[in-house]
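The next block holds one structure in the form of C-alpha cells; read it before the comments.
The values are calculated or read from the model by the stated rules, or taken from the named source; none is laboratory data. Just so we're clear, the structure is a prediction, and the values are computed from it rather than from any experiment. Here the Cβ positions follow ideal geometry from the backbone for every residue, glycine too, while neighbour counts run over all protein chains shown. These accessible areas exclude ligands, DNA and RNA; they are computed on the full protein's heavy atoms, side chains included. Shrake-Rupley method; radii C 1.70, N 1.55, O 1.52, S 1.80 Å.
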Amino acid sequence: MSISTMQSRASTFSRGVICVERGLPAVARAGCCVRPTNTAVHKLGLLAGGLSSNSSCAPRLQQQRPQQQQVAARAASGGAAASSSDSPNMGAVLAAVGVACMGAFAFGYHLGVVNGPLEAIAQELGFAGNQALSGLVVSSTLAGAALGSLTGGSLAESFGRRVSFMLCALPMLAGPLLSAAATTLNVMVAGRFLAGLAIGLSSALVPLYISEVSPTNQRGTLGSLNQLMICLGILAALLVNVALPVTDWRLMFNLAAAPAIILLLGMLGAPESPTYLANKGKRDEAVAVATKLWGRSGASQLGAGGAKAGGGSGGAPNLFSGAYRKGVVMGCILFVFQQFSGINAIVYFSSSVFKQAGIASGALASAAVGATNVAGTLIATGLIEGAGRKQLLTASYLGMAATMALMAAGFGLPALAPYSGTIALGGTLAYILSFAIGAGPVSGLIVPEINKEAVRGNAVSAAMVTHWICNVAIGQNFMAATANYGISAVYAFFGLCSLIAAGYVSANVPETKGKSFDQIQAEMDR
C-alpha cells in the first residue's frame, strides 16, 4: 500500500473521529466528516496520519485528542449518569401529579360527605322533611362545580396551570369551613357552593395538568390517578360517615380543609406545564421544564405544536370551529354518557336505595361501594397502557348496562322481591366495578388527549361543564323520578344509556395509548 493511500485513509479516519467527538452522524459535513469503514485500515491509517502533515483534518485531529481523552474518561466513569438524564425523572413527575391530585381527592370527598349526615343537617338547620331543600344542599355543590369547570379552562390558559391551582385552593379551603360553621340553610348552601366552585375548577385542571406533565408512555397510568383520587376521596367521606356519628357533621366538613392546604402549598414548588409554556411562546423555558421532567430525549414530546400555537390562537370562542369541533364535541358526548349511565345517582343516593331494599346499614353498604370503586380504578391503572383506552371504555359500558338491567329486574319483578336486598348490593358493587375500570378513569384521561394544544384547556372545561350540568340534572331529579316512575324504570333507563354509550365508543373514539399528542391529532384530523 502506498504512503499516499495510507495518508488518505488516515485523513478519512481523522474526520470520522472528529465526527464522533462532535456527536455528529458519520456523514460529510464541511468536507470533513465521513464514516470510517475498515477497523484494521483505521489503525494503520491513524499511524500514517500521525506522520502526515498534509491532511486537511489532521490539525483538527491533534486539537481533538485531549477532548477525546476526556470523552473516554467520561464514558468510563459517567456513562450511567448520562443515560439516566435521558430517562424521565419520575420522582419529579410523581410529586407534581401527587400535589395536583389533591384537587381530585377534594372533588371526591365533597361529593360523598353529605351522603350520611344529610338528615341530621336538615334536622339541625330546620328543613327536615323538605326533600327540595335537602336536594339543594347537594345540588348547590353541583351548580358551583358547573360554574367552576366553565371558567377552569380559561383560567388555566390565562394564568397558567400552577397559578390556577393556587386560586382554586382558596374556595376549596373557604367552602367547607363555612359549611362547618353554618347555623342556617343559606350559610350551608353558600359553603357548599364555594366547595363546588373549587372542585369544578379542579375537575378541569387536574386531568389537563397530569396529561401535560406525564411522559407519553406513562400518560395513561398517571392520568388514571385522577379518578383513583376521586374514588379515594369518596371512600374517605363514606368511611368518615361510618366512623363519626351523623351529629358530628361539622367535623366532617372541617376535615375537607386538609387537601386544600396541601394543594395550595404544594403548587408553590410544582413545575408549570411544558405545553402551556410552549403555547405561550416560552419555548426555551418549556424545553428546560420538559427536560427536567422527561429527560433530554423525552423533551421531544413537546413537538412543533407549542411553537406553532404561539400565544394560543384557539380560544373559547373558537372551540366549535372546524379545526377543533370534533375533539370538543366528542369529549362532551363522553361525559353526557358517563353521567346518564347513572354513576352519581348511585354515589349520592346509595344509602337511601339500600334502605329501600331492606339493607340495615346503608352507610356501611355505601362504604363498600366506595371501596369497590377504588379497587376497580386500581385494576384500570394496571390495564390502561396494555388494554388501551377504547377497549376498557367499551367493556366498562357493557358491564354497566348488564348490571343496571339486573338491578332493574331485581326491583321490578315480583318473583325477585325476596332477593331485592342481595340484588341491590351485589348489582351496585358490580356496576361500580364496571364503571371504575373504564368510564371513570378513561373519560377524564382521553379528553385532553383528543383535543389540540391550542384549545386543550378550554376543551377540557367544555367537557367538564357538560359533566356538571348533567350531574346537577341527575342529582336534582333522581329521587323525584324514582317516586314517579319507580326505581326499576329509572335503572332501566340508565342501562339503556350505557348500552348506547358502548356503541358510540366502539364506532367513534380513537385509541390513544402509547401515542404522542401529535400522533393522536393526526388520527383525529383524518
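Remarks
- Of all residues making up the range 83-113, the number that are open to solvent by less than 10 Å² (accessible area, probe 1.4 Å), within 21 Å of Asn241 (Cβ to Cβ) and within 16 Å of the chain's Cα centre (by Cα): 3
- Condition check for Arg192: at pLDDT 90 or above and in contact with an Asp or Glu (Cβ under 7 Å, 6 or more places away or on another chain): no
- Pairing residues of the range 132-151 that are open to solvent by 10 Å² or more (accessible area, probe 1.4 Å) and part of a helix (DSSP H, G or I) with residues that are among the hydroxyl-bearing types (Ser, Thr, Tyr) and modelled with pLDDT of 90 or more, at Cβ distances under 9 Å and at least 6 apart in sequence or on separate chains, gives Leu150/Ser461; Thr151/Ser461.
- Matching entry among Gly220, Gly196 (being within 18 Å of Ile446 (Cβ to Cβ) and in contact (Cβ under 8 Å) with a residue 40 or more places away in the chain): Gly220
- Residue match in the range 501-524 (condition: surrounded by fewer than 24 Cβ atoms within 10 Å (Cβ to Cβ), farther than 26 Å from Ser202 by Cα and in contact with a Pro (Cβ under 7 Å, 6 or more places away or on another chain)): yes
- Test: residue in the range 339-361 that is open to solvent by 50 Å² or more (accessible area, probe 1.4 Å), at pLDDT 70 or above, assigned to a helix (DSSP H, G or I) and over 30 Å from Val240 (Cα atoms): no
- Of the residues making up the range 397-431, those that are modelled with pLDDT under 90 and of a type in the set (Val, Ile, Thr) are Thr422, Ile423, Thr428.
- Extreme residue, nearest to the chain's Cα centre (by Cα), among residues of the range 445-471 that are over 21 Å from Arg219 (Cα atoms) and surrounded by fewer than 24 Cβ atoms within 10 Å (Cβ to Cβ): Thr466
- Test: Met400 is over 19 Å from Leu228 (Cβ atoms) and open to solvent by less than 10 Å² (accessible area, probe 1.4 Å): no
- Residue within the range 207-221 that is modelled with pLDDT under 90 and either closer than 30 Å to Gly126 by Cα or among the acidic types (Asp, Glu) (or both) present: no
- Subset of the range 224-250 [assigned to a helix (DSSP H, G or I), open to solvent by 30 Å² or more (accessible area, probe 1.4 Å) and in contact with a Leu (Cβ under 7 Å, 6 or more places away or on another chain)]: Val242
- When Asn477 is tested against the conditions (1) more than 25 Å from the chain's Cα centre (by Cα); (2) open to solvent by less than 20 Å² (accessible area, probe 1.4 Å), the lone failure is (2).
- Residues of the range 251-291 classified as surrounded by fewer than 16 Cβ atoms within 10 Å (Cβ to Cβ), assigned to a helix (DSSP H, G or I) and touching a residue at least 40 places away in the same chain (Cβ under 8 Å), total: 3
- Residues satisfying the stated conditions in the range 500-526, i.e. assigned to a helix (DSSP H, G or I) and out of contact with any Phe, Trp or Tyr (no Cβ under 8 Å at 6 or more places or on another chain): Gly503, Ser506, Ala507, Asn508, Phe517, Asp518, Gln519, Ile520, Gln521, Ala522, Glu523, Met524
- Subset of the range 363-382 (residues that are surrounded by fewer than 18 Cβ atoms within 10 Å (Cβ to Cβ) and either over 30 Å from Leu416 (Cα atoms) or among the charged types (D, E, K, R) (or both)): Leu378, Ile379, Gly382
- Verdict on Gly295 being out of contact with any Ser or Thr (no Cβ under 6 Å at 6 or more places or on another chain), open to solvent by less than 20 Å² (accessible area, probe 1.4 Å) and in a helix (DSSP H, G or I): no
- Evaluation of Leu416 against (1) more than 24 Å from Arg325 (Cα to Cα); (2) buried (at least 24 other Cβ atoms within 10 Å of the Cβ); (3) among the hydrophobic types (A, V, I, L, M, F, W, C) (one fails), failing number: (2)
- Selection from the range 112-131 of residues that are farther than 28 Å from Val374 by Cα and assigned to a helix (DSSP H, G or I): Ala122, Gln123, Glu124, Leu125, Gln131
- Restricting attention to the range 178-206, the residues being open to solvent by less than 10 Å² (accessible area, probe 1.4 Å) and closer than 19 Å to Asn451 by Cβ number 6.
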